[in-house]
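Read through the structure below, which is laid out as structure tokens, and then see the notes.
Computed from the coordinates by the stated procedures, all read-outs in this text should not be read as laboratory data. All of these numbers come straight from a predicted model, not from anything done at the bench. Quick reminder, even Gly has a Cβ in these numbers, built from the backbone with ideal geometry, and neighbours come from all protein chains shown.
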Amino acid sequence: MCTVVIQVPADSTRPVRLLAVRDEDPARAWDPVGPWWPETHPGVVGVRDRRAGGAWLAADDEERRLAVILNRADLLPDDAPAASRGGIVLDAVAGDRPTGAPPTHGFNLVDVGPDGVRVTMWDAATLRTVELEPGTHMIAHDDVDDPRTARISRWLGAFAAAAPELERSGSVTPWLDVLQDTTATPAADDAAIIRDNRPYGIPTLSLLVCTASIGPDGVDLAYGALAVPGEWNRPEMA
């Protein structure tokens, strides 16, 4: 139940801005942003899932690409055999986007590159891709900007209102301020972004935050882990 907020500029010479919050089982080990795939994906850095070896988020500075994946409800039983979704992120950041019927559980894949910004959605039955128009967008476990998703309904307007300040500041810091404001909502509330999903029977909590600017000068990517899963402490972004 991760969350991504993204600002697509009307002027293609300006950078795309992105804020991503990762929700995962704290017992599932991960590595922070680093060059974890030097042999297969030289030049790519990202957050690596140690168990499967793939990425939650990955970026290629030279190619000006970034991809991040979110889980999505699907039609498969939870225990159905399925490939890891982390390989999809590494493929996407190399310019190879999903086609056909991916052998995975459902996902929403955010894919940023010189040719635009897309979200590819898979529910284990239908694969759809939408090109994002200029403006502020928010993605979680349903469709893009989906008003059925409580956190999108509650907070998309606040992120959109802060979007002009992104350009003035030249960073994603104003969205970190909005993210901090959202933490007045309890972590187990359906509208929370920094989340504790255990009351819903899901063993995941918010673990980390990534921010990125993706533009003509490359990818400026920052990472910060929460000191306590599911609790906000304004992580140091580096």
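Worth a mention:
- Ranking of TYR200, TYR223 by neighbouring Cβ atoms within 10 Å, starting from the fewest: TYR200, TYR223.
- MRE, 222 nm, helices only [DSSP H, n ≥ 4, -39500 (n - 2.57), over the chain, to nearest 500]: -5000 deg cm²/dmol
- Dipole magnitude of the range 3-225, debye to nearest 20 (Cβ charges: Lys/Arg +1, Asp/Glu -1, about Cα centre): 280 debye
- Based on Cα contacts under 8 Å between residues 6+ apart, the chain shows a relative contact order of 22 percent.
- Sequence-distant residues sharing a close amide H with TRP30 (under 5 Å, placed H): ARG50
- Neighbourhood charge, 10 Å Cβ-Cβ cut-off, centred on THR149 and excluding it, Lys, Arg +1 and Asp, Glu -1: -2
- Each peptide in 76-85, 176-185 gets a packing score, the mean of other Cβ atoms within 10 Å over its residues, and the list from highest to lowest is 176-185, 76-85.
- Positive-end residue, the chain charge dipole about Cα centroid, Cβ charges, pick of THR204, VAL93, ALA140: THR204
- Near THR129, the amide H atoms lying under 5 Å from its own belong to MET121; only residues 5 or more places off or on other chains count, and H is placed 1.01 Å from N.
- Cβ-Cβ distance of ASP11 and SER84, R₀ of 30 Å, FRET efficiency by 1/(1 + (r/R0)^6): the value works out to about 0.20.
- With a cut-off of 13 Å between beta carbons, the residues surrounding GLY201 carry a summed charge of -2, where Lys and Arg count +1 and Asp and Glu -1.
- Centroid-to-centroid, using Cα positions, the range 9-73 and the range 193-218 are 11 Å apart.
- FRET efficiency for the THR129 to ALA29 pair, using the beta carbon distance and R₀ = 45 Å, is estimated at 0.90.
- Net lengthening on full extension, ALA238/THR183 (0.36 nm per residue, minus Cα-Cα): 17.7 nm
- Relative contact order %, the range 65-200, counting alpha carbon pairs below 8 Å whose residues are six or more apart: 17 percent
- Prolate/oblate/rounded call for the range 1-132, Cα gyration tensor, a/c under 1.5 rounded: oblate
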